[in-house]
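Worksheet: one structure, shown below.
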Amino acid sequence: MSLTAEQQDLGDAVRGLLASAGGDGGAAWGRLCREVGVAGLAIPERYGGAGGGAAEVGVVMEELGRGLTPSPMLGSAVLAAQALLGTGDEPACERLLPAIADGSATATLAWTTRAGRWDSGEVGYQASEAQLDGEAHYVLDGDTADVLLVAARGPAGVGLFEVDPGQDGVSRAASVTMDSTRALAVVRLTGARGRRVGGDATGALERARDLACLALAAEQAGAARRALELTTGYALTRVQFGRVIGSFQALQHRLADLHVLVESAVSLSRAAAAEEGPGLGLRAAAAKVYCCEAAMRTAAEMIQLHGAIGITWEHPAHRYLKRAHGALHLFGGSAQHVAAIAASLIDESRS
(Lines give C-alpha, C1' and ligand atoms only; values in the text may rest on other atoms or scores of the structure.)
Protein backbone atom coordinates (compact mmCIF):
# COMPACT_ATOMS: atom_id res chain seq x y z
CA MET A 1 0.00 0.00 0.00
CA SER A 2 1.45 3.37 -1.06
CA LEU A 3 1.64 6.47 1.08
CA THR A 4 -0.02 9.72 0.14
CA ALA A 5 2.21 12.61 -0.90
CA GLU A 6 1.79 14.23 2.53
CA GLN A 7 2.63 11.00 4.32
CA GLN A 8 5.68 10.49 2.12
CA ASP A 9 6.87 14.00 2.98
CA LEU A 10 6.34 13.24 6.67
CA GLY A 11 8.38 10.05 6.41
CA ASP A 12 11.16 11.82 4.50
CA ALA A 13 11.32 14.55 7.13
CA VAL A 14 11.56 12.06 9.98
CA ARG A 15 14.19 9.95 8.20
CA GLY A 16 16.30 12.98 7.36
CA LEU A 17 16.17 14.27 10.91
CA LEU A 18 17.07 10.89 12.39
CA ALA A 19 20.04 10.65 10.02
CA SER A 20 21.30 14.08 11.04
CA ALA A 21 20.92 13.21 14.74
CA GLY A 22 23.48 10.44 14.30
CA GLY A 23 21.74 7.86 16.48
CA ASP A 24 21.29 10.12 19.51
CA GLY A 25 17.76 9.16 20.53
CA GLY A 26 17.34 11.90 23.12
CA ALA A 27 18.39 14.69 20.78
CA ALA A 28 16.36 13.20 17.95
CA TRP A 29 13.16 13.10 20.02
CA GLY A 30 13.43 16.77 20.95
CA ARG A 31 13.92 17.79 17.35
CA LEU A 32 11.16 15.48 16.11
CA CYS A 33 8.75 17.20 18.48
CA ARG A 34 9.88 20.76 17.76
CA GLU A 35 10.46 20.53 14.01
CA VAL A 36 8.01 17.83 12.89
CA GLY A 37 5.46 17.69 15.69
CA VAL A 38 5.42 13.90 15.94
CA ALA A 39 4.21 13.75 19.55
CA GLY A 40 0.98 15.52 18.66
CA LEU A 41 0.19 13.79 15.38
CA ALA A 42 -2.81 11.84 16.70
CA ILE A 43 -3.92 14.44 19.28
CA PRO A 44 -6.82 16.74 18.29
CA GLU A 45 -5.99 20.31 17.36
CA ARG A 46 -8.00 21.71 20.28
CA TYR A 47 -5.42 20.13 22.62
CA GLY A 48 -2.41 21.38 20.68
CA GLY A 49 -2.01 18.43 18.34
CA ALA A 50 -2.16 18.01 14.57
CA GLY A 51 -5.44 16.08 14.45
CA GLY A 52 -4.01 13.19 12.44
CA GLY A 53 -4.63 9.50 12.95
CA ALA A 54 -3.15 6.04 13.09
CA ALA A 55 -1.89 6.24 9.49
CA GLU A 56 0.31 9.27 10.21
CA VAL A 57 1.56 7.72 13.45
CA GLY A 58 2.43 4.59 11.47
CA VAL A 59 4.59 6.59 9.05
CA VAL A 60 6.65 7.92 11.96
CA MET A 61 6.83 4.52 13.66
CA GLU A 62 8.15 2.90 10.47
CA GLU A 63 11.04 5.37 10.42
CA LEU A 64 11.74 4.97 14.13
CA GLY A 65 11.73 1.22 13.64
CA ARG A 66 14.25 1.35 10.79
CA GLY A 67 16.95 2.68 13.09
CA LEU A 68 15.62 1.17 16.34
CA THR A 69 15.51 4.74 17.65
CA PRO A 70 14.73 4.96 21.37
CA SER A 71 11.85 7.37 21.92
CA PRO A 72 8.68 7.81 24.02
CA MET A 73 6.52 7.90 20.87
CA LEU A 74 4.83 4.57 21.50
CA GLY A 75 4.30 4.89 25.23
CA SER A 76 3.52 8.60 25.51
CA ALA A 77 2.15 9.91 22.21
CA VAL A 78 0.18 6.74 21.42
CA LEU A 79 -0.71 4.53 24.39
CA ALA A 80 -1.03 7.06 27.22
CA ALA A 81 -2.40 9.91 25.10
CA GLN A 82 -5.05 7.74 23.46
CA ALA A 83 -6.13 6.25 26.77
CA LEU A 84 -6.59 9.77 28.12
CA LEU A 85 -8.54 10.85 25.04
CA GLY A 86 -10.72 7.77 25.29
CA THR A 87 -11.98 8.72 28.73
CA GLY A 88 -13.72 11.79 27.32
CA ASP A 89 -12.65 13.80 30.38
CA GLU A 90 -12.41 17.26 28.84
CA PRO A 91 -10.76 19.08 31.79
CA ALA A 92 -8.12 16.36 32.15
CA CYS A 93 -7.40 16.40 28.42
CA GLU A 94 -7.11 20.19 28.38
CA ARG A 95 -4.74 20.06 31.32
CA LEU A 96 -2.45 17.20 30.25
CA LEU A 97 -2.50 16.78 26.49
CA PRO A 98 -0.92 20.07 25.31
CA ALA A 99 2.37 19.28 27.04
CA ILE A 100 2.29 15.71 25.71
CA ALA A 101 1.54 17.01 22.20
CA ASP A 102 4.48 19.42 22.09
CA GLY A 103 6.87 16.94 23.69
CA SER A 104 7.63 19.06 26.74
CA ALA A 105 6.22 16.26 28.91
CA THR A 106 6.12 12.51 28.44
CA ALA A 107 3.33 10.31 29.72
CA THR A 108 3.07 6.64 30.53
CA LEU A 109 0.26 4.20 31.20
CA ALA A 110 0.80 1.67 34.01
CA TRP A 111 -1.66 -1.11 33.37
CA THR A 112 -0.79 -4.76 32.96
CA THR A 113 0.26 -7.40 35.46
CA ARG A 114 3.35 -9.59 35.30
CA ALA A 115 1.42 -11.92 32.96
CA GLY A 116 1.52 -9.16 30.32
CA ARG A 117 -1.87 -9.83 28.76
CA TRP A 118 -2.88 -6.15 28.46
CA ASP A 119 -6.48 -7.16 29.14
CA SER A 120 -8.87 -4.49 30.44
CA GLY A 121 -10.17 -7.02 32.96
CA GLU A 122 -6.68 -7.70 34.31
CA VAL A 123 -5.15 -4.53 35.76
CA GLY A 124 -2.27 -4.14 38.16
CA TYR A 125 -3.87 -1.90 40.78
CA GLN A 126 -6.74 -1.77 43.23
CA ALA A 127 -8.45 1.53 44.09
CA SER A 128 -10.26 2.34 47.32
CA GLU A 129 -11.22 5.83 48.49
CA ALA A 130 -8.83 7.48 46.03
CA GLN A 131 -5.91 5.39 47.24
CA LEU A 132 -4.12 3.01 44.92
CA ASP A 133 -2.17 -0.15 45.66
CA GLY A 134 -0.47 -2.74 43.50
CA GLU A 135 2.11 -2.90 40.75
CA ALA A 136 2.18 -2.82 36.97
CA HIS A 137 4.83 -4.33 34.72
CA TYR A 138 6.22 -3.52 31.27
CA VAL A 139 5.44 0.18 31.73
CA LEU A 140 6.89 2.03 28.73
CA ASP A 141 9.33 4.74 29.93
CA GLY A 142 7.73 4.23 33.33
CA ASP A 143 10.75 5.28 35.38
CA THR A 144 11.18 8.67 33.68
CA ALA A 145 7.73 9.82 32.50
CA ASP A 146 6.40 13.14 33.78
CA VAL A 147 2.72 12.14 33.65
CA LEU A 148 1.72 8.84 35.25
CA LEU A 149 -1.64 7.30 34.37
CA VAL A 150 -2.66 4.04 36.02
CA ALA A 151 -5.45 1.56 35.38
CA ALA A 152 -7.05 0.37 38.61
CA ARG A 153 -10.06 -1.67 39.66
CA GLY A 154 -12.37 -0.19 42.26
CA PRO A 155 -15.97 -0.52 43.44
CA ALA A 156 -17.17 1.26 40.30
CA GLY A 157 -15.17 -0.96 37.93
CA VAL A 158 -11.94 -0.29 36.06
CA GLY A 159 -10.92 3.35 35.97
CA LEU A 160 -8.03 5.51 34.84
CA PHE A 161 -6.25 7.58 37.48
CA GLU A 162 -3.70 10.36 37.29
CA VAL A 163 -0.98 9.87 39.88
CA ASP A 164 1.76 12.30 40.85
CA PRO A 165 4.92 10.23 40.26
CA GLY A 166 6.87 12.25 42.82
CA GLN A 167 4.68 11.52 45.82
CA ASP A 168 5.39 9.08 48.63
CA GLY A 169 3.92 5.70 47.87
CA VAL A 170 5.15 5.64 44.26
CA SER A 171 8.13 3.46 43.42
CA ARG A 172 9.43 3.25 39.86
CA ALA A 173 12.21 0.89 38.87
CA ALA A 174 13.67 0.36 35.42
CA SER A 175 13.48 -3.24 34.20
CA VAL A 176 16.42 -5.14 32.78
CA THR A 177 15.30 -5.92 29.24
CA MET A 178 16.71 -7.94 26.37
CA ASP A 179 16.16 -4.92 24.12
CA SER A 180 18.07 -2.05 25.69
CA THR A 181 16.50 0.42 23.23
CA ARG A 182 12.99 -0.15 24.68
CA ALA A 183 12.77 1.29 28.20
CA LEU A 184 10.37 -0.64 30.45
CA ALA A 185 9.74 -0.32 34.17
CA VAL A 186 7.83 -1.73 37.12
CA VAL A 187 5.67 0.85 38.90
CA ARG A 188 4.56 0.02 42.46
CA LEU A 189 1.95 2.00 44.36
CA THR A 190 1.48 1.76 48.11
CA GLY A 191 -1.38 3.91 49.39
CA ALA A 192 -0.71 6.42 46.61
CA ARG A 193 -3.22 9.18 45.96
CA GLY A 194 -4.87 9.27 42.57
CA ARG A 195 -7.22 11.54 40.67
CA ARG A 196 -9.82 9.68 38.65
CA VAL A 197 -10.01 10.57 34.97
CA GLY A 198 -13.43 10.00 33.39
CA GLY A 199 -15.70 7.10 34.26
CA ASP A 200 -15.39 3.45 33.31
CA ALA A 201 -12.12 3.13 31.41
CA THR A 202 -12.60 -0.30 29.84
CA GLY A 203 -13.32 1.02 26.35
CA ALA A 204 -10.59 3.66 26.55
CA LEU A 205 -7.98 1.09 27.55
CA GLU A 206 -8.93 -1.37 24.83
CA ARG A 207 -8.91 1.29 22.13
CA ALA A 208 -5.55 2.64 23.30
CA ARG A 209 -4.08 -0.87 23.27
CA ASP A 210 -5.39 -1.48 19.75
CA LEU A 211 -3.92 1.78 18.45
CA ALA A 212 -0.64 0.92 20.17
CA CYS A 213 -0.67 -2.47 18.42
CA LEU A 214 -1.06 -0.71 15.07
CA ALA A 215 1.85 1.59 15.90
CA LEU A 216 3.98 -1.34 17.02
CA ALA A 217 3.14 -3.22 13.81
CA ALA A 218 4.35 -0.26 11.76
CA GLU A 219 7.54 -0.06 13.80
CA GLN A 220 8.24 -3.75 13.26
CA ALA A 221 7.52 -3.50 9.54
CA GLY A 222 10.01 -0.64 9.31
CA ALA A 223 12.61 -2.59 11.29
CA ALA A 224 12.12 -5.67 9.11
CA ARG A 225 12.51 -3.65 5.92
CA ARG A 226 15.75 -2.08 7.15
CA ALA A 227 17.11 -5.44 8.33
CA LEU A 228 16.45 -6.86 4.87
CA GLU A 229 18.13 -3.87 3.21
CA LEU A 230 21.26 -4.38 5.31
CA THR A 231 21.28 -8.11 4.61
CA THR A 232 20.83 -7.64 0.86
CA GLY A 233 23.60 -5.06 0.79
CA TYR A 234 25.92 -7.47 2.56
CA ALA A 235 25.03 -10.30 0.18
CA LEU A 236 25.97 -8.08 -2.77
CA THR A 237 29.41 -7.22 -1.39
CA ARG A 238 30.60 -10.27 0.59
CA VAL A 239 32.85 -12.47 -1.55
CA GLN A 240 33.29 -16.18 -0.97
CA PHE A 241 34.80 -18.76 -3.33
CA GLY A 242 35.58 -15.92 -5.72
CA ARG A 243 31.93 -14.80 -6.02
CA VAL A 244 29.66 -12.43 -4.15
CA ILE A 245 27.41 -14.60 -2.00
CA GLY A 246 24.33 -12.90 -3.43
CA SER A 247 25.00 -14.69 -6.71
CA PHE A 248 24.30 -18.09 -5.14
CA GLN A 249 20.82 -19.23 -6.01
CA ALA A 250 20.06 -20.62 -2.55
CA LEU A 251 20.62 -17.20 -0.98
CA GLN A 252 18.67 -15.47 -3.72
CA HIS A 253 15.64 -17.64 -2.94
CA ARG A 254 15.87 -16.86 0.78
CA LEU A 255 16.17 -13.14 0.16
CA ALA A 256 13.28 -13.21 -2.31
CA ASP A 257 11.08 -14.93 0.27
CA LEU A 258 12.04 -12.31 2.84
CA HIS A 259 11.23 -9.53 0.40
CA VAL A 260 7.69 -10.86 -0.08
CA LEU A 261 7.27 -11.27 3.68
CA VAL A 262 8.53 -7.78 4.52
CA GLU A 263 6.57 -5.96 1.83
CA SER A 264 3.43 -7.83 2.88
CA ALA A 265 4.01 -6.69 6.46
CA VAL A 266 4.45 -3.07 5.39
CA SER A 267 1.28 -3.19 3.27
CA LEU A 268 -0.75 -4.83 6.03
CA SER A 269 0.33 -2.36 8.70
CA ARG A 270 -0.47 0.61 6.47
CA ALA A 271 -3.83 -0.79 5.35
CA ALA A 272 -4.88 -1.61 8.91
CA ALA A 273 -3.99 1.90 10.10
CA ALA A 274 -5.66 3.63 7.15
CA GLU A 275 -9.03 1.91 7.56
CA GLU A 276 -11.58 3.63 9.77
CA GLY A 277 -14.75 2.35 11.37
CA PRO A 278 -15.55 -0.84 13.30
CA GLY A 279 -13.19 -3.77 13.57
CA LEU A 280 -10.24 -1.85 14.98
CA GLY A 281 -9.40 -4.60 17.46
CA LEU A 282 -9.25 -7.35 14.84
CA ARG A 283 -7.25 -5.26 12.38
CA ALA A 284 -4.81 -4.29 15.10
CA ALA A 285 -4.42 -7.88 16.29
CA ALA A 286 -3.81 -9.18 12.77
CA ALA A 287 -1.28 -6.46 11.94
CA LYS A 288 0.52 -6.88 15.24
CA VAL A 289 0.88 -10.64 14.89
CA TYR A 290 1.94 -10.64 11.23
CA CYS A 291 4.39 -7.74 11.43
CA CYS A 292 6.02 -8.91 14.64
CA GLU A 293 6.43 -12.42 13.29
CA ALA A 294 7.83 -10.99 10.03
CA ALA A 295 10.36 -8.89 11.92
CA MET A 296 11.40 -11.86 14.03
CA ARG A 297 11.97 -14.07 10.99
CA THR A 298 13.80 -11.34 9.07
CA ALA A 299 16.08 -10.56 12.01
CA ALA A 300 16.88 -14.25 12.49
CA GLU A 301 17.71 -14.61 8.78
CA MET A 302 19.79 -11.44 8.99
CA ILE A 303 22.05 -13.09 11.54
CA GLN A 304 22.25 -16.32 9.57
CA LEU A 305 23.03 -14.68 6.23
CA HIS A 306 25.69 -12.43 7.71
CA GLY A 307 27.60 -15.47 8.92
CA ALA A 308 30.14 -15.00 11.71
CA ILE A 309 29.93 -11.21 11.75
CA GLY A 310 26.19 -11.46 12.39
CA ILE A 311 26.72 -12.76 15.92
CA THR A 312 29.20 -10.09 17.00
CA TRP A 313 28.30 -7.34 19.45
CA GLU A 314 29.53 -4.63 17.08
CA HIS A 315 27.16 -5.58 14.27
CA PRO A 316 23.54 -4.30 14.54
CA ALA A 317 21.97 -7.67 13.68
CA HIS A 318 21.52 -8.68 17.31
CA ARG A 319 19.75 -5.39 18.04
CA TYR A 320 17.11 -6.10 15.40
CA LEU A 321 16.59 -9.60 16.79
CA LYS A 322 16.21 -8.29 20.34
CA ARG A 323 13.75 -5.59 19.28
CA ALA A 324 11.70 -8.16 17.37
CA HIS A 325 11.69 -10.59 20.28
CA GLY A 326 10.50 -7.92 22.71
CA ALA A 327 7.79 -6.69 20.36
CA LEU A 328 6.38 -10.22 20.04
CA HIS A 329 5.34 -10.07 23.70
CA LEU A 330 4.44 -6.40 24.09
CA PHE A 331 0.67 -5.70 24.25
CA GLY A 332 -0.04 -9.44 24.39
CA GLY A 333 1.57 -12.39 22.67
CA SER A 334 0.74 -13.75 19.24
CA ALA A 335 -1.22 -16.72 20.58
CA GLN A 336 -3.47 -14.40 22.56
CA HIS A 337 -4.24 -12.21 19.54
CA VAL A 338 -4.74 -15.15 17.18
CA ALA A 339 -7.19 -16.71 19.65
CA ALA A 340 -9.16 -13.45 19.76
CA ILE A 341 -9.31 -13.31 15.96
CA ALA A 342 -10.40 -16.96 15.75
CA ALA A 343 -13.12 -16.46 18.38
CA SER A 344 -14.44 -13.44 16.50
CA LEU A 345 -14.57 -15.32 13.21
CA ILE A 346 -16.37 -18.24 14.82
CA ASP A 347 -18.94 -15.93 16.39
CA GLU A 348 -19.45 -14.18 13.06
CA SER A 349 -20.00 -17.48 11.24
CA ARG A 350 -22.64 -18.49 13.77
CA SER A 351 -24.59 -15.25 13.54
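The values are calculated or read from the model by the stated rules, or taken from the named source; none is laboratory data. From a predicted model like this one, the values you see are computed outputs, not experimental measurements. All Cβ positions, glycine included, derive from the backbone under ideal geometry; neighbour counts span all protein chains shown.
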When the residues of region 245-268 are narrowed to those that are crowded, with 17+ Cβ neighbours inside 10 Å and of a type in the set (Val, Ile, Thr), which ends up farthest from the chain's Cα centre (by Cα)?
ILE245
Members of region 187-238 found to be over 15 Å from the mean Cα position of the chain (by Cα) and basic (Lys, Arg), listed by number:
ARG188, ARG193, ARG195, ARG196, ARG225, ARG226, ARG238
Looking only at residues that are over 20 Å from the mean Cα position of the chain (by Cα) and within 15 Å of GLY169 (Cα to Cα) in region 130-158, which one is surrounded by the fewest Cβ atoms within 10 Å (Cβ to Cβ)?
ALA130
Quick check, is TYR290 of a type outside the set (S, T, N, Q), part of a helix (DSSP H, G or I) and closer than 23 Å to ALA55 by Cβ?
yes
What is the one condition in (1) under 21 Å from the mean Cα position of the chain (by Cα); (2) in contact (Cβ under 8 Å) with a residue 12 or more places away in the chain that GLY279 does not satisfy?
(2)
Out of region 41-56, which residues are farther than 17 Å from ASP9 by Cβ and assigned to a helix (DSSP H, G or I)?
GLU45, ARG46, TYR47, ALA54
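Looking at region 315-324, is at least one residue in a helix (DSSP H, G or I), closer than 19 Å to ASP210 by Cα and of a type outside the set (Lys, Arg)?
yes
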Restricting the first residue to region 1-25 and requiring it to be touching a residue at least 60 places away in the same chain (Cβ under 8 Å) and over 15 Å from ARG66 (Cα atoms), which pairs with a second residue that is in a helix (DSSP H, G or I) and β-branched (Val, Ile, Thr) meet a Cβ separation below 7 Å and a spacing of at least six or different chains?
LEU3/VAL59
Against the condition at pLDDT 95 or above, surrounded by fewer than 17 Cβ atoms within 10 Å (Cβ to Cβ), assigned to a helix (DSSP H, G or I) and among the aliphatic types (A, V, I, L, M), how does ALA271 come out, does it pass?
yes
Quick one: GLY103 ticks every box in (1) closer than 27 Å to ALA227 by Cβ; (2) out of contact with any Asp or Glu (no Cβ under 6 Å at 6 or more places or on another chain); (3) buried (at least 17 other Cβ atoms within 10 Å of the Cβ) except a single one, so which number is it?
(1)
Output the residues belonging to region 299-315 that are surrounded by fewer than 16 Cβ atoms within 10 Å (Cβ to Cβ) and modelled with pLDDT of 95 or more.
GLN304
Quick one: which residue in GLU162, GLU219 is over 22 Å from LEU282 (Cβ atoms) and crowded, with 18+ Cβ neighbours inside 10 Å?
GLU162
